[in-house]
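Bear in mind these aren't lab numbers, they're just calculated from the coordinates by the rules spelled out. Since this is a predicted model, take the numbers as computed values, not measurements. Neighbour counts run over all protein chains shown; Cβ positions are idealised from the backbone, glycine included.
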Number of protein chains: 2
Amino acid sequence: MKKTDYVIATYLLETDGDIESAAEALATEQSTGTWTDVPGEEEARSRHGARVLAVTPKGERDRPSLPTRLAPEAPGTQRYVWGIVEVAFPHINFGPRLPNLLSAVAGNLFEMGAFTAAKLIDLEFPDEFLSHFPGPKFGIEGTRKVLGVYDRPLVGAIVKPCVGLGPRELAEIVYRAARGGLDFIKDDELLADPSYNRLHDRVDAVMDALGRAERETGEKTMYAFNVTDRVDRILELHDIVVRGGGNCVMLNYVTAGIDALRMLAEHTEVPIHAHRDFFPAFARSPWLGLGTTVFTTLSRIAGADQLHIGALAGKLYETDEEVLESVAACRARLGGLRQSMPVSSGGQHAGKVPITRRKMAHPDYLHLSGGGVFGHPDGPEAGARSIRQALAATAEGRKLEDAARDQAELRRAIDYFGEILY
Amino acid sequence: MKKTDYVIATYLLETDGDIESAAEALATEQSTGTWTDVPGEEEARSRHGARVLAVTPKGERDRPSLPTRLAPEAPGTQRYVWGIVEVAFPHINFGPRLPNLLSAVAGNLFEMGAFTAAKLIDLEFPDEFLSHFPGPKFGIEGTRKVLGVYDRPLVGAIVKPCVGLGPRELAEIVYRAARGGLDFIKDDELLADPSYNRLHDRVDAVMDALGRAERETGEKTMYAFNVTDRVDRILELHDIVVRGGGNCVMLNYVTAGIDALRMLAEHTEVPIHAHRDFFPAFARSPWLGLGTTVFTTLSRIAGADQLHIGALAGKLYETDEEVLESVAACRARLGGLRQSMPVSSGGQHAGKVPITRRKMAHPDYLHLSGGGVFGHPDGPEAGARSIRQALAATAEGRKLEDAARDQAELRRAIDYFGEILY
């Protein structure tokens, strides 16, 4: 077996039978199948069959981890064994195409009644396979270059209210937030190109507001315009953004389809902010779907320049350890692909800056707030300042309580949000 | 509140707080957000805010149904309440765009640490919203018209081995299966346009084989060519199929993205066979993701002419009751959209024909086998015949055991697969 001909997938698998047979069944179902008496089948199986590389039984349960019609009516009369299974898939079967790759390594297997847990927890790719994907066109370096900021984490915010403002009202609060020192502002994932706030008008209004702010502060701000739409309209919306002078686009790439991100990445002239809403629907169960780091890796292959990875010390479901695994997957070696900039977002404010900086252990991330900026009691400009102040204090090794003594915006943020985490 | 301005979503929701507040939080997070002191916000909230219509508490648990960082370290010290929640979303927020609709009704909410279960179990659309989607261009009637078969269920098979055969070898077994009386044959979802079996060559070889079979039997066979690929190549592959005389295309529309199906449906000149591999990754958990009937409805809106709905008496995880709910969703009134033809597939053979026909309670479905045709001990032609024989016997009210006495292919199938279900 020539290793470079294969993509290696690792699964958590549980079954009502024995785990070795389940692993073989998975490998067979997801490649050639088992049918006999067909001319040429033997050759097909040797070139195209997936191969079980390793099976590690881990434990037993007395009830299935997922529902199945095959469960006996009397509970406790059946044992379910689970373990870790490694399978090698010949990539000649699907080629460098994300939808076909997913159908092979993460397709029908989730539906099998005999598998009472099935989660894809790791994928390993040969460099040659990866070389067919451009990956992030900008990545961490390209994002920093647009802003001219190299020596610290980036500070950003999501416009709130999420939806309902017209282009001018939205541009006005963007202007105030940018004046407060934000590197990055983005549309909410719920706002794209609706009838009451067309993208074309928003680009004009926002880029004009950011120009005014830059003339006053001397600092650039990147704005991620949400181009999520019907899949055959995404590139057109990208072009509207670029023609209007926009410097970043955003895609809800799970609801639009991960290959829509790959398509946009091959076309884009500005960094892509990749929003992963919906993704936990197939990642949050411990027994089903995709592991988060697998998904992070696939998102990077698809070309995410800036990539949501949950929130450190935040309000989302994942623990900090899990979030940091995704951060590592944004930066780990992956063929020749650029790194994605990890975005920590979900319940962020000035008081979360120190813990985020400490746990990240490097400055290459975007600290993204929503209410932490736009919900600041003195408005978005003060909200933005409070986060920059927290970041500067952290860089100098000062406690936020100390820094807050002579920095009103930070003090108000700490009082209002009521929490500092180190 | 004008009902036609809203899409109504029903969720199963579980929380570590109280269920009414969780419902309000969901509605707010997925529309305007809660931020104050922004000019125009009050108007925004009245036009764009989602509204909680009903909350029905259902029960309590002493541990969360899904993992969350917010769970206390000592188990049993926290109660989790769950219930059914109805929320109305103003569709002005997203418009007739599936990715944006999904981001609104099924986006970030799955990631919230405070929601320890979140499953979208129903969606209700006003007709005006649906009118922006063409839906299935062919549906049940259009599929029947291509074949000229109106009075019975359709009989089909998936080519096995799934992958590895070249175009000629594949066309040869397709020819044999078509001679046996199949209405429908399809590529496996694992086969699309790989280097060793290019779609262009396969269309030529298969359509030639089907032409030969038709001249011998006088019956047409529809062949679903898998056009799953990079999202910006799907329409090109469709065109290759149509130019080569093909009469059906297939899309793995979950791995390609559901809006890729909508795009294909607006373009297609032949019926679309919609394969749902990967979908159980976000549907099989009782606590997370989308309910199956919601997904079936969305697939029909996206334009699925023939739609996989699991398997009656099959090897997949869903019970027959759940499968029949999806069948009903394929046929229920849905604005002015055509019905999708339900496809029962997964562990089918001649012995499953009677139970499938009885439980369907109508003839408008496609009974799709894999091994049940291509794994027949006397080959695919005999396999196909065995299913047509089983269907004819069932239509006449005969037991398969009786019919098998003078029909060798059916007898061999019953002996080999070892099971008849009524």
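Of note:
- Sorted shortest first, the distances from the B:Asp239 label point to those of the same residue in the other copies are 1.6 nm; each point sits 7 Å from Cα along Cα-to-Cβ.
- Sorted fewest first by neighbouring Cβ atoms within 10 angstrom, B:Tyr253, B:Tyr11 come out as B:Tyr11, B:Tyr253.
- A simple spin-label model places the labels of B:Ser46 and A:Asp378 3.3 nm from each other, with each point 7 Å out along Cα-to-Cβ.
- Rg/Rh ratio calculated on Cα atoms of segment A:315-422 (Kirkwood radius): 1.01
- Between A:Arg212 and A:Lys315, full extension at 0.36 nm per residue minus the direct alpha carbon distance yields a gain of 33.7 nm.
- Database remark: amide H of A:Ala54 closer than 5 angstrom to the amide H of A:Glu86 (H placed geometrically; neighbours at sequence offset of 5 or more, or on other chains; Pro and chain starts carry no H).
- Residues B:Asp18 and A:Asp122, FRET efficiency given R0 of 25 Å [Cβ-Cβ distance, rounded to 0.05]: 0.05
- Other protein chain Cβ atoms within 10 Å, averaged over every residue that makes up B:286-294: 3
- Kirkwood Rh and Cα Rg combined as Rg/Rh, segment B:40-102: 1.15
- With K and R counted +1 and D and E -1, the other residues having a Cβ less than 10 Å from that of A:Leu147 yield a net charge of +1.
- Rotation relating B and A, chain A residue nearest the axis via C-beta, angstrom: A:Gly257, 1
- Shown for B:Thr4, A:Thr32: other C-beta atoms within 10 Å of each C-beta, ranked fewest to most, produce the order B:Thr4, A:Thr32.
- Of the residues B:Pro134, A:Tyr80, B:Tyr6, the one whose Cα sits farthest towards the positive end of the charge dipole of the protein assembly as shown is B:Pro134 (charges of +1 on Lys and Arg Cβ, -1 on Asp and Glu Cβ, taken about the Cα centre).
- Here the Kirkwood formula, the inverse mean of 1/r across different C-alpha pairs, assigns segment A:380-422 a hydrodynamic radius of 10.0 Å.
- Residue separation of B:Ala395 and B:Arg333 scaled by 0.36 nm, minus their Cα-Cα distance, works out to 19.6 nm of gained length.
- Dipole-positive endmost among B:Gly310, A:Leu366, A:Thr56 within the protein assembly as shown (Cβ charges, Cα centre): A:Leu366
- Per residue, the convex hull volume that the Cα atoms of segment A:64-223 enclose (Å³): 227
- Calculated FRET value between A:Leu53 and B:Arg198, using beta carbons and R₀ = 30 Å, to 0.05: 0.50
- Remark: relative contact order (chain B) = 16 percent; criterion is Cα-Cα distance under 8 angstrom and separation of 6 or more residues.
- Ranked by the mean number of other Cβ atoms within 10 Å per residue, highest first, peptides A:264-270, B:18-24 order as A:264-270, B:18-24.
- Here segment B:304-360 was treated as a single set of alpha-carbon atoms; its pair distances binned every 5 Å from 0 give 4, 21, 29, 24, 13, 6, 3, 0 percent.
- Every Cα-Cα pair of chain B was included, and the share exceeding 38 Å stands at 30 percent.
- Under-5 Å amide H pairs with A:Asn226, H placed in peptide plane, nonlocal only: A:Asp187, A:Met250
- Tail weight of P(r) past 19 Å, computed on alpha-carbon pairs of segment B:133-238, percent: 46
- Just so you know, the averaged projected area of the alpha carbon convex hull for segment B:171-284 sits at 7.4 nm².
- Here's how it looks for B:Leu307: its modeled amide H is under 5 Å from those of B:Ala274, B:Met341, B:Val343, which are all 5 or more places away or on a different chain.
- Net charge in the neighbourhood of A:Leu391 (other residues with Cβ under 9 Å of its Cβ; Lys, Arg +1, Asp, Glu -1) is +3.
- Rounded, prolate or oblate (a/c below 1.5 giving rounded, otherwise prolate when a/b exceeds b/c) for segment B:240-291 by Cα gyration tensor: prolate
- The equivalent ellipsoid of the protein assembly as shown has semi-axes of 48, 26, 26 Å, largest first, where each one is the square root of 5 times an eigenvalue of the Cα gyration tensor.
- Other residues whose C-beta falls under 12 angstrom from the C-beta of A:Thr292 contribute a net charge of -3, scoring Lys and Arg +1 and Asp and Glu -1.
- Distances between equivalent label points of B:Gly17 across the copies, with each point positioned 7 Å along Cα→Cβ, amount to 4.7 nm, shortest listed first.
- Inter-chain Cβ neighbour count for A:221-227, averaged per residue, equals 0 (cutoff 10 Å, partner chain atoms only).
- Whole-angstrom gap from segment B:161-221 to segment A:319-379, using each part's C-alpha centre: 51
- Highest mobility in the GNM of chain A, judged by mean-square fluctuation with C-alpha springs under 10 Å and restricted to A:Ala384, A:Ala260, A:Ala361, is found for A:Ala361.
- Highest to lowest packing among B:61-72, B:162-173, A:132-143, A:274-285, scored as the average C-beta count within 10 Å: A:274-285, B:162-173, A:132-143, B:61-72
- Fewest-first ranking of A:Trp82, A:Trp287, using other Cβ atoms within 10 Å as the exposure measure: A:Trp287, A:Trp82
- When only alpha carbons are used to place a centre, segment B:243-282 and segment A:62-89 end up 32 Å from one another.
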